[in-house]
Structure formats: structure tokens, C-alpha cells
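For reference, the structure discussed in these notes is given below.
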Amino acid sequence: MLEFLHFLAIAHRNTYAAPKDIKVKYKIHPFLPAHECYNFKIGDWEYFDGFAGKHWTPGREVVLLKGVPYWAMSYQGKTVGDEHLEQAFDFLKLALRNFDDKSPFRGPSYFQDGEFEYFFEMEGTYEYFTGRESIKHNGKEIFFQNVMGELIK
């Protein structure tokens, strides 16, 4: 499954968390109303990501192999309070760019930049997993998301 994980890592580095000049190339017309959506393709692999909202942002990623659904991940969460939100989402993108290539689902298990800390815990493998990510500012949680992903059979 190295090929799938490698593709997913490249897709993640070019879409939502990527710098604006990169991700704008892969932003597409929303496939659902009022969503922000991305599409990335290399060879037989194709990636879609779509989410709605600004502070409570449920979404779903789907990977196709030769046009057939192969893997999906859903995520939903919310902000806690109103402080530091814009900085928190900039920090989230930074954390998401620092994932381990062997586990490119969200960010690393721990990442820190200044007063912000990112945590991601995952149970399972790419075949089926659940997880939770959170951002803390000065030790106080200000954002969290639950994620789950699996192969599509």
C-alpha cells in the first residue's frame, strides 16, 4: 500500500494545507453547495476533498483508483471559544504540512509552534481507523476534530 500512502501524501501537500499559490491550482467548483473543494490527480489515482463551514467544518476526502472509489476519510469538529481562531487555522495548516509520510492522514502526533500545540491520535491503519486531532493555545484546547477513514470495498 506504499503507492496509495505516497499518493495521499502528495495530494495533501497540494490541497487544503498547501500555500495559496499551490492549492489554488487544485481548488475546484464545489461539488456540494457552499463547500470548499479540491481535486488532485496523478496517473490512476484521484483525490477529492470537500468541506463546509468556517469554524465547524465537517468534510470528507475520497480517493479513487482507476475511477473506482478506493478509500475515504470523514472529519468533523469545532472551535471551542472565539479566541485566536484565525491564527489557529493558519497553525492547523502548518501542522498538517508536517505529517509523517508513513501516516499522511492528518498532522503528526505532536507539533508545536510558539503558543500553539497540535495533537493527533489515531487507532488502526489506513484500512480502518478512527482518530482525534486538537489544537491548544497556551495549554487550552481551542479546536478539535474527530476523523475516521477506511478502504472502500
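Just so you know, all these numbers are worked out from the coordinates, no wet-lab data involved. Since the structure is predicted, the reported quantities are computational estimates derived from the model, not experimental observations. Cβ atoms come from the backbone with ideal geometry, glycine included; neighbour counts cover every protein chain shown.
What the table below lists for this structure:
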| read-out | value |
| --- | --- |
| Where labels lie 7 Å past Cα in the beta-carbon direction, separation of Val68 and Asp21 in nm | 4.1 nm |
| Label-zone membership for the range 63-79, site Lys153, 7 angstrom Cα→C-beta point, backbone N under 16 Å | 69-72 |
| The chain: relative contact order in percent, alpha carbon pairs under 8 Å with at least 6 residues between | 18 percent |
| Over the chain, equivalent-ellipsoid semi-axes from the Cα gyration tensor in Å | 25, 17, 14 |
| Electrostatic dipole magnitude of the chain [Cβ: Lys, Arg +1; Asp, Glu -1; Cα centre; debye, to 20] | 440 debye |
| Options Tyr16, Gln87, Tyr128, ranked by Cα towards positive dipole end of the range 2-151, top entry (Cβ charges) | Tyr16 |
| Per principal axis, descending, Cα span of the range 17-56 in whole Å | 33, 22, 16 |
| Neighbourhood charge, 15 Å Cβ-Cβ cut-off, centred on Phe91 and excluding it, Lys, Arg +1 and Asp, Glu -1 | -3 |
| 17 Å Cα-Cα reach of Lys20 towards aspartates and glutamates, excluding residues that sit fewer than 8 places from it in its own chain | Glu36, Asp49, Glu86, Asp90 |
| 20 Å Cα-Cα reach of Lys25 towards lysines, excluding residues that sit fewer than 8 places from it in its own chain | Lys41, Lys93 |
| Karplus (6.51, -1.76, 1.60) ³J(HN,Hα), θ = phi - 60°, over the range 82-90, in Hz, Gly and Pro reported as x | 10, 8, 6, 5, 4, 5, 5, 6, 5 |
| Label point at Ile10 placed 7 Å out along Cα→Cβ; residues across the range 77-104 whose backbone nitrogen lies under 19 Å | 97-104 |
| In degrees, nearest ten, helix 2-14 long axis to first principal axis of the chain (Cα) | 50 degrees |
| Sequence-distant aspartates and glutamates (8 or more away, or on other chains) whose Cα lies within less than 13 Å of Lys140 | Asp82, Glu83, Glu115, Glu117 |
| Listed pairs Lys66/Lys153; Lys78/Lys153; Lys27/Lys136 exceeding 24 Å between Cα atoms | Lys78/Lys153; Lys27/Lys136 |
